[in-house]
1. Hey, rough spin-label estimate for residue 175 and residue 334, points 7 angstrom out along Cα→Cβ, what's it come to in nanometres?
2. What nm distance separates the two modelled labels at residue 138 and residue 20, each placed 7 Å from Cα along Cα→Cβ?
3. Dividing the alpha-carbon Rg of the range 302-380 by 2.2 N^0.38 Å yields what?
4. Would you mind getting me the FRET efficiency between residue 223 and residue 128? Use the beta-carbon distance for r and R0 = 30 Å, nearest 0.05.
5. For the range 325-356, state which trypsin sites (Lys or Arg not before Pro) are in a DSSP loop and have at most 13 other beta carbons lying within 10 Å of their beta carbon.
6. Measuring from a point 7 Å past the Cα of residue 70 along Cα-to-C-beta, which residues in the range 111-125 have an amide N at less than 19 Å?
7. I'd like to compare 86-97, 196-207, 70-81, 173-184: which one has the highest average count of other Cβ atoms within 10 Å, and what's the full order after that?
8. Along the Cα→Cβ direction, 7 angstrom out, place labels at residue 310 and residue 352. What is the inter-label distance in nm?
Amino acid sequence: MIANLNKGSSPYGTIKYAAFKDGAYLLDTNMAGYDPVQLASEFEYFVKKNDYVQVPVFHASINFHPSDRKLTEEEYIDIASDLRKELAFDDNNHQYLLALHTDAKMLNTDEIRPHLHLIVNRVDYQGKCKNDYLDYINIQKALRKIEQKYELIPQQSSWEVEAKKGTPSREEETKFIQDAIKQAANDKPEMPTFISRLLEQNIDVQCRITRTGKLQGISYCYNDKVLKGRQVGQDYTHIGIQSKLGVVHKPSHKQQIELLIKTHQALDEYSTTSNSNSDDTNSTSEISVSNSLSQQEYANAIAPTVRLFWQMQKPDKVLRGSKYDLELDVSTLRLKRKSGEEIAQIPLDVNQAPQGITLNEQDVDNFRSLQQILDKHIAKQLREQKQPKKNTGLSL
């Protein structure tokens, strides 16, 4: 099975094409509408509950191997149901439609090539949007499970077939990096967002950028294995990610990229230091809170840094580091350890008080050090802005 995955902003156009074009048959849905207008209106009702989501429409086109056995409509419905479950879409909380297309033919034959179109609303009935960051990778894992369950012929996705293999001795790391890069570039993001997404997957990125902001090289590090872009594949070089994958780099991104990489490295150092100093029998999250400060005071101490860091990085909904994760829930930043333990809630509104949960003195020290990095970066920006422009010899 091969799935071509797309995310979109317009439910009407996607629904009309997938379920109501000639040769399309609506097989299954948990919605009430009977035409594209009604169904799109149902989608929009829940999308409007979330002011942040920009691409609420999940759309997967699912193709089967030409030599696969003929499947029944019931099997098509069961396969789509299994796929939704594997991708964590709850049928009781997410709208979906499944359509069968019979308008395509096998290559060089008149034999019909049936394929499925699955549409799901990423915004659930409560207005929460499902995180889609790993969908591109997870859908491949789900298809392999489904092929085995229904005794279908396994197929690699088109991008897996076309991707150039990297250094043979580093094939495992290369494959993981290729998958992560494809996912990170799925919606053709700007370079800082692209790098931030790779850092979330524990892939360190190094960029060679000229003084004028031109990108001249990129390398990736995973599991302590460093690979230059060309070693990962031609599509993953500094030229390939822009021309083939659509990542957008601008000279103005230079400072943001440098800050992003520097702060990630700094937090990684904090994590290493903290872990090396901790008792083997107690994790960092289990350090007892000092009597000298309350949870409220801890939260007050780190809140300005957390807000500033979030604003400077401008992530989508999640910002991941080597030691902490930040997740935006409506208008509140939830600070979590890598173990998943939530340790603080920081409202974006400075007039609302932050709340500490299981913060400790090491956390405060870490964010104080981060604040020093941010202060230096801001001071550098201010100095550059104040520098007088070179005299061109012209005057009015």
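Only the coordinates and a few stated rules stand behind these numbers; no lab work does. In this text the structure is predicted, and so the values were computed from the model without any measurement. Methodologically, a virtual Cβ is constructed for each residue, glycine included, from the backbone with ideal geometry; neighbour enumeration extends over all protein chains shown.
1. Between residue 175 and residue 334, the simple spin-label model gives 3.3 nm.
2. The answer from the label model is 3.0 nm.
3. Expressed relative to 2.2 N^0.38 Å, the Cα Rg reads 1.03.
4. My answer for the efficiency is 0.35.
5. Within the range 325-356, no trypsin sites (Lys or Arg not before Pro) qualify (loop, at most 13 other Cβ atoms within 10 Å).
6. Inside the label zone: 111-116.
7. Descending mean neighbour count gives 173-184, 196-207, 86-97, 70-81.
8. My value for the distance between the label points is 0.9 nm.
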